[in-house]
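What follows is a single structure, written as structure tokens, with notes after it.
The values are calculated or read from the model by the stated rules, or taken from the named source; none is laboratory data. Given the structure is predicted, the values throughout are model-derived calculations rather than measurements. So basically every Cβ, Gly included, is an ideal-geometry build from the backbone, and we count neighbours across all protein chains shown. Surface areas here come from the heavy atoms of the whole protein model, side chains and all, with no ligands, DNA or RNA. Shrake-Rupley method; radii C 1.70, N 1.55, O 1.52, S 1.80 Å.
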Amino acid sequence: MYGGAKAVFYFLSRSRTLKSLASTYGMRTPDSFARRFIAGHSVDDAIAVARTLAGRGLSVTLDYLGESVRSFDEAAAAAQQYVRVIDAIVAAGVERNISLKLTQLGAGVDRATSLDNLRRILDRAERDGVFVWIDMENSPWTDLTLETLDKAWSLGHRRLGVALQAALRRSEDD
């Protein structure tokens, strides 16, 4: 039963219509359910929430939502948006942490392109001391995520880490 439910929720998570509805209705008011997890629709919204949370003594990591892009152009656009997010974080003086997904950078389209996009982001991030977390996605991407971390590290990038999934049985060994 659990595997079937997991497959249903994974399928639903890939629906552009449901994402749009959740974004629209889940963000409608300050008390809406998605506000707990999503700072807003714009970088400015995210910066404002980051400032508020920092004022409460909390740490933040900003993420430009998206995953599983389907083209080189979408992957390049996501990478460029992350560079803009980094610029905004630096200009605003908020905590310098971002997280990203490799499928958003094109891992499902072309692994080399995904690494190139990641390197573009890391080059910009390192200039101003921004730490980059690579989010662990679902299990088919685990090995690629860890290999990409190792490759980026071997290329001299040191301001990065990977967020492991606690629920994966293999995470302790990883």
Review point. Applying 1/(1 + (r/R0)^6) with R0 = 22 Å to the Cβ-Cβ distance of TRP133 and ALA77, what FRET efficiency is obtained, to the nearest 0.05?
Key: 0.60
Exercise for review: Pull up all non-local amide H partners of ASP63: gap of 5 or more, or a different chain, and H-to-H distance under 5 Å with H placed in the peptide plane.
Suggested key: SER99
Check your understanding: Which loop trypsin sites (Lys or Arg not before Pro) in the range 70-131, with loop taken from DSSP, have no more than 11 other Cβ atoms within 10 angstrom of their Cβ?
Key -> ARG70
Review point. With charges only on Cβ, +1 for K and R and -1 for D and E, what is the dipole size of the range 36-174 about its Cα centre, in debye, rounded to 20?
Key: 320
Study note, to complete from the structure: Applied in sequence order to the range 108-125, the curve 6.51 cos²θ - 1.76 cosθ + 1.60 (Karplus, θ = phi - 60°) yields integer Hz couplings, x standing for Gly and Pro, of x, 9, 6, 4, 5, 5, 4, 5, 4, 5, 4, 4, 4, 5, 4, 4, 5, 4
Review point. Long-range amide H contacts for GLY40: which residues qualify at under 5 Å (H placed 1.01 Å from N, peptide plane, sequence gap of 5 or more or a different chain)?
Key: none
Review point. Sorted by mean Cβ packing within 10 Å, highest first, what order do the peptides 151-157, 129-135, 87-93 take?
Key: 129-135, 87-93, 151-157
Exercise for review: Provide the per residue accessible area, probe 1.4 Å, for the range 124-171, rounded to a whole number of square angstrom.
Suggested key: 55
Study note, to complete from the structure: Loop-resident GluC sites (Glu not before Pro) in the range 110-174 with no more than 12 other Cβ atoms inside 10 Å, DSSP not H/G/I/E/B, are GLU172
Practice item. On the protein heavy atoms, probe 1.4 angstrom, tell me the percent of accessible surface of the range 72-174 carried by carbon and sulfur. Key: 46
